[in-house]
Amino acid sequence: MRYAAQKGTKDILPQDIYRWHKAERTFADVCHSYGYEEIRIPTFEQTDLFQRGVGDTTDVVQKEMYTFDDKGGRSVTLRPEGTAGVCRSFIENGMTSLPSPVRMFYNITAFRYENVQKGRMREFHQFGLEAFGSEGPEIDAEIISLLTVFFEKMGVKHTKLCINSIGCPTCRAQYNAILKDYFRPHMDELCDDCKARFDKNPLRMIDCKVEGCKKYAADAPRLIDYLCEDCNNHFETLKKELENLGIEYTIDPGIVRGLDYYTRTVFEFVSENVGTQGTICGGGRYDGLIESLGGSKVPGIGFAMGAERFLMECEAQEIAFDKPDHVKVYFADLCPEAKPVISKACLDLRKAGIGCERDLTGRSFKAQMKYANKAGIPYLIVIGEDEISNGKVNVKNMADGSSEEILINGITDYFGNK
Ligand code: ATP
Ligand code: MG
């Protein structure tokens, strides 16, 4: 029997992990600088939370969820995204009483039963954040700027920011009627999903990925032309604030986002390098979500970035990631007596936070040297009978071949000062 990773899942191997660590640390650092703290939420929740939170009419809920009954007969679902879980936690933990805005970021795995293709997996990672208790639009611009700072710190250029406003329930009601009038004569030619969306959530029809529907969606009336005064002012201020921050944007009236709960501001960062849909990151405002999940009336905004797609973008832009030297020094032994001396030296170095390695597999001296070379460990110390009796060793710098004689007792100090 040969086991293979499940379709749409991927190992992240030790030789690649430094790229992930860099992105994760940079994202956390940037979030911290904006006053966000990390939240860790469970991997699975009660199915109903996602049906309500993500929305019944979305592809995610209709087609993509990993849902099963647990042994107690409860329907549970592996999180397809982070927002619903964070909102549940916000309500459950009484965070409404905390000073606003309550700001949290996360780094999660997410699960969707998808048609696997480039940039589209069944288990993937999202870097995201949510902010509760501010109606914006200053905070909307702020979280967009957070993303631009993250991209800048990672060295990523040229990702395109697209923004749109999808209004509030007031302007949406009027617009939905107009949209239905537009689609009604074409109903026979639309897909079954769109037929269902027509009654439940016509805005979703704009986002349909089926070719036959796309051509009608492209010419459909645009919600942005029907915003109420408050929503219009909100959007205008957002645009001004983005201009104030020097952030370039394009207005794309076609963005409605994949989740049902968005109101007003929606945005995406897109790129040609990350697969068919091209979205690296999507986000928006969800002013009615907390209330619809049983909380009080608290506005919210957030985004989620596909980590795999982001790293794909980094690769396409040939971003250099420095591979850290976790192991600084290799000890090679010339005789059995050297082994305990090396063990002790290694322990001291590691206690001081300095990475080191020695032979653990009974290799010959020659094989140890070969190993250290191949592993690219920057410094080498050979210990044999002479070194033990003199109490001194040579530290060899593998990059330039130079060496320096130091006391065995001084090894930790020597590397501590490097
Ligand atoms: P798409 O239109 O590409 O299906 P979506 O609207 O379903 O995206 P969101 O639910 O907004 O995506 O998720 C936010 C981000 O998570 C996306 O912009 C994308 O980068 C990433 N993402 C979503 N689904 C997947 C997936 N199956 N595999 C990898 N990344 C994904
Ligand atoms: Mg999707």
**Request:** Subtracting the Cα-Cα distance from 0.36 nm times the residue separation, let me have the gained length for T9 to D386 in nm, one decimal.
**Result:** 130.4 nm
**Fill in**
So the number of lysine pairs in the range 327-416 with alpha-carbon atoms under 17 angstrom apart, 8 or more residues apart or on different chains, is 12
**Request:** Multiply the residue gap between T361 and C335 by 0.36 nm, knock off their C-alpha separation, and tell me the result in nm, one decimal place.
**Result:** 7.9 nm
**Request:** For the range 65-107 and the range 198-276, write down the distance between their C-alpha centroids in whole Å.
**Result:** 26 Å
**Request:** Compute the longest continuous run of the chain that contains no exposed GluC sites (Glu not before Pro); treat a site as exposed when its DSSP state is not H, G, I, E or B and it has at most 15 other Cβ atoms within 10 Å.
**Result:** 1-247
**Prompt:** For Y261, Y249, what's the fewest-to-most ordering of other Cβ within 10 Å of each Cβ?
**Reply:** Y249, Y261
**Asked** Beyond 26 Å, what percent of the Cα pairs of the chain remain?
**Response** 63 percent
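Greater than 27 Å separation of Cα atoms is the criterion. Which listed pairs, K153/K209; K195/K239; K160/K180; K22/K157, meet it? Mind dumping the intermediate values first?
Numbers: K153/K209 34 Å; K195/K239 35 Å; K160/K180 31 Å; K22/K157 17 Å.
Pairs exceeding 27 Å: K153/K209; K195/K239; K160/K180.
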**Prompt:** If one takes the longest principal axis of the Cα atoms in the chain, at what angle in degrees, from 0 to 90 and to the nearest 10, does the Cα axis of helix 83-92 lie?
**Reply:** 90 degrees
**Asked** What's the extension gain from M1 to E123 if we count 0.36 nm per residue and subtract their Cα-Cα distance?
**Response** 41.6 nm
**Centroid-to-centroid separation of the range 154-176 and the range 379-414 [C-alpha atoms, Å]** = 62 Å
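To the nearest 0.05, what FRET efficiency results for N397 and L347 with a Förster distance of 25 Å applied to their C-beta separation?
Details: r = 23 Å, r/R0 = 0.93.
Taking R0 as 25 Å, the efficiency between N397 and L347 is 0.60.
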**Fill in**
So, with points 7 Å from each Cα along the Cβ direction, the D230-M187 label distance in nm works out to 3.3 nm
**Message:** Run the helix sum for the chain: -39,500 (n - 2.57) per DSSP H stretch of 4+ residues, divided by residue count, reported at 222 nm to the nearest 500 deg cm²/dmol.
**Reply:** -11000 deg cm²/dmol
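Where a number appears in this text, it was derived from the coordinates with a stated rule and is not lab data. Small disclaimer: the values here were computed from a predicted structure and weren't measured. Reconstructed Cβ throughout: ideal geometry from the backbone, glycine too, with neighbour counts over all protein chains shown.
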